[in-house]
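A short worksheet on the structure shown next.
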Amino acid sequence: MFRARTALAARLAMRTRVVMPARSLSTNALDPLDTYKRRHNGVSDKKDIDAMLKVANSPSMDEFVKSVVPEDLLFQRPLAIEPAKGFSETELLARLKEIASKNKVLRSFIGRGYYNTLLPLVIQRNLLENPQWYTSYTPYQPEISQGRLESLINYQTLVTELTGMDVANASLLDEATAAAEAMIMSFVGLNRKKPIYYVDESVYPQTRAVLETRASGLGIQVKYGLPEDNNFEGSCGALIQYPAANGSIGEWKATADAIHAAGGTFTVAADLMALTIIEPPSTFGADIVVGTTQRFGVPMGYGGPHAAYFAVKDSVKRKLPGRIVGKSKDRLGNVAYRLALQTREQHIRREKATSNICTAQALLANISAFYAVYHGPEGLRKIAERINSLTTALAQVISEKYEVLNKSWFDTLTVSVPSADAIMTDALSKGINLYKIDDKTVSVSLDESVTTEDFAALCELFGGKAPEAVDYAVSVPCPRTSKYLQQPVFNKYHSETELLRYMTQLQSKDLSLANSMIPLGSCTMKLNATVQMVPITWPEFGNLHPFAPLDQTKGYQELITELENDLADITGFAATSLQPNSGAQGEFTGLQAIKAYLKSKGEGKRNICLIPVSAHGTNPASAAMCGMKVVPIKCTPQGELDLTDLEAKAEKHKDDLAAIMITYPSTFGVFEPTVKKAIDIVHSHGGQVYMDGANMNAQIGLTSPGDIGADVCHLNLHKTFCIPHGGGGPGVGPICVRSHLAPFLPAHHEIELPARELGQAIEAVSAAPWGSAGILPIPWAYIKLMGGAGLKSATEIALLSANYMKERLANHYKVAYVNNQGRCAHEFIIDLRPFKALGVEAIDIAKRLQDYSFHAPTMSWPVAGTLMVEPTESESLVELDRFCDAMIAIREEIKEIEDGKVAYTDSVLAHAPHNQEDLLLGEWNRVYSREKAAFPVPNLKERKFWPSVTRVDDTYGDTNLFCTCDPVEAHADLD
Amino acid sequence: MLRTAFARSSLAMRSRVPMAFRFYSNNLTPDSPVTSYGADPTVRYTENHEWIAVHKDNVAFVGITKYAADALGDTTFVEVVETPTETEAQESIGSVESVKSASDLYSPVTGTVIEANEELVNSPGLVNEDPMGKAWFAKIQISNPAELDQLMDSDKYEAFLKENDH
Ligand SMILES: Cc1ncc(COP(=O)(O)O)c(C=O)c1O
């Protein structure tokens, strides 16, 4: 190192006693100093790394890695990522600007489920761009998540109020998949006995395509158009769009009655903005209402992410897919929110679940909720009235020359023209995008962003002249008569000052990465760097319509292609699809591709999916959604896949074996040495190998699903590749595949996707061609900032951090699973079952960690009665130690019970967590001191995060389900 | 019953009784609707932790065992079938949920469900209070008493519990 430097530099260094920094900064002064890797990795100081290696008993990083990852899996190929050394932050932003400049942001009047919206800047800056909101996890620890839980209750209330339904969930992935969930709920609700599902012509084609995909696995037959005689016998229900794709507002009461007469379920896909001025679907008999809240403040983002909503009648609330926030009470009887009725979900029901949804769209739901809080019922109505009035005025102008085909409208006009191409070209020259329906028909959709100039340009385009002024005049066939959003929360935060304070009040109740590490196993809560987040609100990325012509989105194409290639390189595969919006959706897509491939070989009857009992609940749920039969594979007591059982089951099902789904490293956090053997067994019995990539953070740069021998994997870009978890979404779950599966990646009906020309592609799995394209700059930036070597170093540090913590904690707790060299992978499981006899359970330790200002590790998954710790590479040694110290201090508290000094029921553990009210109000008569409750270790005096409520009562919440915000001002005490 | 769908919840609210102090008496509750229907019913158990108490007239009561109720934790929801319903052995005739778990109740035998315990729907907590008495799920007119031979008696069930140490 010293020799390699130039003589001059060496002399300078000596003369001025400059000590070269231990960090790997360049020796060339021309190189930038704002490099990223050392900001991303929490540990990059050689001194720290050496100290950690020492604790882990390893002489060097290389030796350490070899003791963690089976040697025959370690690959030698460097990643092909360019630039190899990674960009500096400045270089990255310059490159992104260059890419962004290739996107042309025209005025979009395309509509079709995606609209321009004016995201209030106070919400953009203080929520969308605020790490306190975007870095938190799904609110599984309600005591430190009351802020976003309250906001999600506001979201659910917004949905139930506008749709008129009783219960809404806290978001789904997009409108199309929400419609698919409705279809499946209709089908399963009638015991799968009536396979026909009618989809009206009013429904957007992108929704129809996804319905088709999701119907195929379950044997549902999708029929387009409603039955002529309104006879729905033999069907489980129907879906209509309200207002329709062509803009008209239909009369649906008779249809609803006919569907009900045949015992079916009537689902309405409705535009929430329209519902502020037209009658809600509840008034004409809807059983389920679905849609998107995109136009409530969420940028189009070239297709996503946006929150879809799903609302039902009270009678079927237990069948609702996705997460529901409900009201309960805490130990002191105060109102506390929590995730309710989790027994509906895949993590409990597994292959019996009717939906595989896990990660949803919490952040986007919260944006929409705040949009409604900001505008209130009057404001929302005014926005909708303006849109409708302008649409009516435009219809008058257009009608002078052309025929407007729809006779009623909210915001969309379908216009008959001599030549669609001619008018589209003319529009382009004015910087406008319309939607071409066919050669002689176009449509135009207005939204809240329309300006006087836009309106004039549109009038001119259709050969007319804009009037000087347009009166507010609602013209819809069924004006809304009922009131909505009368709850206080929607009526008191309309000044920016008040709104800002409300947002701040809520965020201060939530523990996020801005407060402390969130060591959730299997969730990879790593740094979501500011430099990666900055571009997503640039208009060149945020304001593009997903169906904009490809020649206007060349920047996106370039970024997407680079990202697809990099992900393929990282996973060792040939091709990537970025369409799936979550890991679970990636699983569904991958399995569908496998099915399509097997069918193409004449092996369509293969339908057995082997799944280890240790798998994540989404795995069996996804397989079941594809119509596969799940056969569980045992694990050995050491936590490894039981190869004998695998061999036996593979042999037994060899004629029907479709696939195995494995997670690697395993969900127990260990690199199983036998993985190749397992893969060989499945391949030799005719099955394909699906790898769940949730744990890719342990593989990148060291090995890969492709190199190990799998055929397809999904990635959770919201885990491994820095997309923030958003408090429960967004996510992106691309799949990467070996070349034989590439032709079967999903297509899209609006946009021709490259490499799908073989006609074998499966139908779309998401509404938008590239799913949540708007956040793809984040993983792209992460990869480009780290470069190949940097990515590898992140993996190494992640493995080292986990093993360091494991070593420290193994002296105090039982660590459940390690490999034959005593190593865990990037996460490890602490077994707390030995304390059960004392009365102490995993939940007590999880809640007690809150008193130490930490978020608990993953609780009771994949093994009940345990905690799974995943530090990621982004935590400093100080933070790793702080967490270990907290766990060790808690172990001492358990010991007090063990030693008989305190009874469990009196203990600080049983009462955890403690909020301020608990400590300050009333008489103090516990056996422990207030100080011990709140400041058990000294550093908390400097840095304390207070849970805002005490332990939340789950049973009360599930037996007294209440999922909307209070109609009255004061929270009456429960009980 | 608890086998297939036992909780993988990451939010499991612990039941308040510490494991060590639990006492499993998987016997019928004396003086309950189940025992007062007739004298000396024959009691059998399934590997899914259902119990069935068969009376002389081949009317049987079915529910979940004390062991299962304790493992489930606080019951929040119960679903029973409409009656009468024909059922085969292993067909679902109800379901039970707690905060952390959801399970189907499978009929141990073939027959007709002649009555379902509607009271459970309104008071799911009965499942924890008195699982082998007031909290019966279904009354079944059984059509093939020979099927009972496939099931475990009380000793076998206790041995099964020990062996599996769930
Ligand atoms: C192992 C594993 N598989 C699949 C998933 C599902 O991913 P997503 O939540 O993105 O749908 C998760 C998410 O927690 C996981 O941990």
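The values are calculated or read from the model by the stated rules, or taken from the named source; none is laboratory data. No experiment lies behind these values; they were computed from the predicted model shown. Cβ sites come from the backbone with ideal geometry, for glycine too, and all protein chains shown count toward neighbours. Accessible surface areas use protein heavy atoms only, side chains included; no ligands, DNA or RNA. Shrake-Rupley method; radii C 1.70, N 1.55, O 1.52, S 1.80 Å.
From the list A:Gln552, A:Gln532, A:Gln579, exactly one residue is within 16 Å of the ligand (Cβ to nearest atom), closer than 26 Å to A:Leu92 by Cα and either surrounded by fewer than 24 Cβ atoms within 10 Å (Cβ to Cβ) or away from chain B (no Cβ under 14 Å) (or both). Which is it?
Working: A:Gln552 fails: within 16 Å of the ligand (Cβ to nearest atom); A:Gln532 fails: within 16 Å of the ligand (Cβ to nearest atom).
Just a single option satisfies the conditions, and that option is A:Gln579.
Would you check if B:Val78 is more than 14 Å from chain A (Cβ to nearest Cβ), within 13 Å of the chain's Cα centre (by Cα) and either without any contact (Cβ under 8 Å) to a residue 24 or more places away in the chain or outside any loop (DSSP other than H, G, I, E, B) (or both)? Show your work before the answer.
Working: more than 14 Å from chain A (Cβ to nearest Cβ): no; within 13 Å of the chain's Cα centre (by Cα): yes; either without any contact (Cβ under 8 Å) to a residue 24 or more places away in the chain or outside any loop (DSSP other than H, G, I, E, B) (or both): yes.
So B:Val78 fails the test.
Just to be sure before I move on: is B:Glu119 surrounded by fewer than 16 Cβ atoms within 10 Å (Cβ to Cβ) and assigned to a helix (DSSP H, G or I) in the structure I sent?
Working: surrounded by fewer than 16 Cβ atoms within 10 Å (Cβ to Cβ): yes; assigned to a helix (DSSP H, G or I): yes.
Judged against the criteria, B:Glu119 is a match.
Do any strands (runs of 3 or more DSSP E) entirely within the range A:384-488 hold 3 or more residues that are at positive phi, and if so, which? Lay out the reasoning, then the answer.
Working: elements: A:412-416, A:435-438, A:441-445.
Filter on the range A:384-488 gives an empty set.
Identify, by number, the condition in (1) in a helix (DSSP H, G or I); (2) open to solvent by less than 10 Å² (accessible area, probe 1.4 Å); (3) within 13 Å of chain B (Cβ to nearest Cβ) that A:Ser328 doesn't meet.
(1)
Under 6 Å between Cβ atoms, at least 6 apart or on separate chains: pull out the pairs that start in the range A:657-670 with a residue that is within 14 Å of chain B (Cβ to nearest Cβ) and end on any residue that is more than 10 Å from the ligand (Cβ to nearest atom) and open to solvent by 10 Å² or more (accessible area, probe 1.4 Å).
Going by the 6 Å Cβ cut-off, the qualifying pairs are A:Phe668/A:Tyr817.
Just give me the residues in the range A:615-634 being within 13 Å of the ligand (Cβ to nearest atom) and open to solvent by less than 20 Å² (accessible area, probe 1.4 Å), in sequence order. I'd like the intermediate steps shown before the answer.
We begin by selecting, within the range A:615-634, every residue within 13 Å of the ligand (Cβ to nearest atom); these are A:615-623, A:625.
The answer is A:Ala615, A:Gly617, A:Thr618, A:Asn619, A:Pro620, A:Ala621, A:Ser622, A:Ala623, A:Met625.
Give the range A:709-736 a look and list any residue that's under 24 Å from A:Ile660 (Cα atoms), more than 12 Å from the ligand (Cβ to nearest atom) and not in a strand (DSSP E or B), or say none.
A:Gly709, A:Ala710, A:Asp711
Hey, any hits in the range B:24-46 for a residue that's within 11 Å of chain A (Cβ to nearest Cβ) and modelled with pLDDT under 90? Outline the logic, then answer.
Within the range B:24-46, the first condition is being within 11 Å of chain A (Cβ to nearest Cβ), and the residues that meet it are none.
No.
Let me confirm something: among A:Val122, A:Val159, A:Val203, A:Val210, which residue is assigned to a loop (DSSP other than H, G, I, E, B) and within 28 Å of A:Val732 (Cβ to Cβ)?
Values: A:Val122 fails: assigned to a loop (DSSP other than H, G, I, E, B); A:Val159 fails: assigned to a loop (DSSP other than H, G, I, E, B); A:Val210 fails: assigned to a loop (DSSP other than H, G, I, E, B).
Step by step, each of A:Val122, A:Val159, A:Val203, A:Val210 is checked, and only A:Val203 is assigned to a loop (DSSP other than H, G, I, E, B) and within 28 Å of A:Val732 (Cβ to Cβ).
Of the residues A:Val316, A:Val289, A:Val298, which is open to solvent by 10 Å² or more (accessible area, probe 1.4 Å) and either more than 16 Å from the ligand (Cβ to nearest atom) or of a type in the set (Asp, Glu) (or both)?
Details: A:Val289 fails: open to solvent by 10 Å² or more (accessible area, probe 1.4 Å); A:Val298 fails: open to solvent by 10 Å² or more (accessible area, probe 1.4 Å).
After applying the criteria, what remains is A:Val316.
Quick check, is A:Pro612 within 12 Å of the ligand (Cβ to nearest atom) and either out of contact with any His (no Cβ under 7 Å at 6 or more places or on another chain) or not assigned by the TED database to the domain that holds A:Gly322 (or both)? I'd like the intermediate steps shown before the answer.
Working: within 12 Å of the ligand (Cβ to nearest atom): yes; either out of contact with any His (no Cβ under 7 Å at 6 or more places or on another chain) or not assigned by the TED database to the domain that holds A:Gly322 (or both): yes.
Against the criterion (within 12 Å of the ligand (Cβ to nearest atom) and either out of contact with any His (no Cβ under 7 Å at 6 or more places or on another chain) or not assigned by the TED database to the domain that holds A:Gly322 (or both)), A:Pro612 qualifies.
Looking at the range A:670-703 only, could you name the residues that are within 14 Å of the ligand (Cβ to nearest atom) and either open to solvent by 20 Å² or more (accessible area, probe 1.4 Å) or among the hydrophobic types (A, V, I, L, M, F, W, C) (or both)?
Going residue by residue through the range A:670-703, those that are within 14 Å of the ligand (Cβ to nearest atom) are A:670, A:690-699.
Once the filter is applied, which keeps residues that are within 14 Å of the ligand (Cβ to nearest atom) and either open to solvent by 20 Å² or more (accessible area, probe 1.4 Å) or among the hydrophobic types (A, V, I, L, M, F, W, C) (or both), the range A:670-703 yields A:Val670, A:Met691, A:Ala694, A:Met696, A:Ala698.
Can you tell me how many residues in the range A:805-848 are open to solvent by less than 20 Å² (accessible area, probe 1.4 Å), in a strand (DSSP E or B) and more than 23 Å from A:Pro139 (Cβ to Cβ)?
Total meeting the criteria: 2.
Hey, can you tell me all the residues within the range B:92-115 that are more than 26 Å from A:Thr354 (Cα to Cα) and either within 12 Å of chain A (Cβ to nearest Cβ) or part of a strand (DSSP E or B) (or both)? Working first, answer last.
The first filter runs over the range B:92-115 and keeps only residues more than 26 Å from A:Thr354 (Cα to Cα), leaving B:109-115.
Across the range B:92-115, the qualifying residues are B:Gly111, B:Thr112, B:Val113, B:Ile114, B:Glu115.
Can you find even one residue in the range B:84-91 that is surrounded by fewer than 17 Cβ atoms within 10 Å (Cβ to Cβ), more than 10 Å from chain A (Cβ to nearest Cβ), at pLDDT 90 or above and at positive phi?
First, pick out the residues of the range B:84-91 that are surrounded by fewer than 17 Cβ atoms within 10 Å (Cβ to Cβ): B:84, B:86, B:88-91.
Going one step further and asking which of them are more than 10 Å from chain A (Cβ to nearest Cβ), we end up with B:84, B:86, B:88-91.
Checking which are at pLDDT 90 or above leaves us with B:84, B:86, B:88-89.
Narrowing further to those that are at positive phi: none.
Taking every residue of the range B:84-91 in turn, none turns out to be surrounded by fewer than 17 Cβ atoms within 10 Å (Cβ to Cβ), more than 10 Å from chain A (Cβ to nearest Cβ), at pLDDT 90 or above and at positive phi.
Return yes or no: is A:Leu800 away from the ligand (no atom under 16 Å from the Cβ), assigned to a helix (DSSP H, G or I), away from chain B (no Cβ under 14 Å) and surrounded by fewer than 24 Cβ atoms within 10 Å (Cβ to Cβ)?
Numbers: away from the ligand (no atom under 16 Å from the Cβ): yes; assigned to a helix (DSSP H, G or I): yes; away from chain B (no Cβ under 14 Å): yes; surrounded by fewer than 24 Cβ atoms within 10 Å (Cβ to Cβ): no.
It is false that A:Leu800 is away from the ligand (no atom under 16 Å from the Cβ), assigned to a helix (DSSP H, G or I), away from chain B (no Cβ under 14 Å) and surrounded by fewer than 24 Cβ atoms within 10 Å (Cβ to Cβ).
Would you confirm whether any residue within the range A:292-306 is away from chain B (no Cβ under 14 Å) and assigned to a strand (DSSP E or B)?
Quick first cut of the range A:292-306, residues away from chain B (no Cβ under 14 Å) only: A:292-306.
Retained after the next criterion (residues that are assigned to a strand (DSSP E or B)): A:292.
Scanning the range A:292-306 turns up at least one residue that is away from chain B (no Cβ under 14 Å) and assigned to a strand (DSSP E or B).
Checking A:Glu647 against (1) touching a Ser or Thr at 6+ places or on another chain (Cβ under 7 Å); (2) touching a residue at least 24 places away in the same chain (Cβ under 8 Å); (3) surrounded by fewer than 24 Cβ atoms within 10 Å (Cβ to Cβ), which single condition isn't satisfied?
(1)
What are the residues in the range A:321-374 that are among the β-branched types (Val, Ile, Thr) and within 16 Å of the ligand (Cβ to nearest atom), if any? Before you say what the answer is, go through the steps one by one.
Looking only at the range A:321-374, we keep the residues that are among the β-branched types (Val, Ile, Thr), and these are A:324-325, A:335, A:343, A:348, A:354, A:357, A:359, A:367, A:373.
Correct list: A:Ile348, A:Thr354, A:Ile357, A:Thr359.
Looking only at helices (runs of 4 or more DSSP H) that fall completely inside the range A:861-975, which ones have 2 or more residues that are open to solvent by less than 70 Å² (accessible area, probe 1.4 Å) and over 28 Å from A:Gln132 (Cβ atoms)?
Values: elements: A:877-898, A:908-911, A:916-920, A:930-934, A:954-959.
Qualifying helices (runs of 4 or more DSSP H): A:877-898, A:908-911, A:954-959.
Exactly one of (1) within 16 Å of the ligand (Cβ to nearest atom); (2) open to solvent by 20 Å² or more (accessible area, probe 1.4 Å); (3) out of contact with any helix residue (DSSP H, G or I) (no Cβ under 9 Å at 6 or more places or on another chain) is unmet by A:Thr667. Its number?
Looking at each condition in turn, A:Thr667 falls short on (2).
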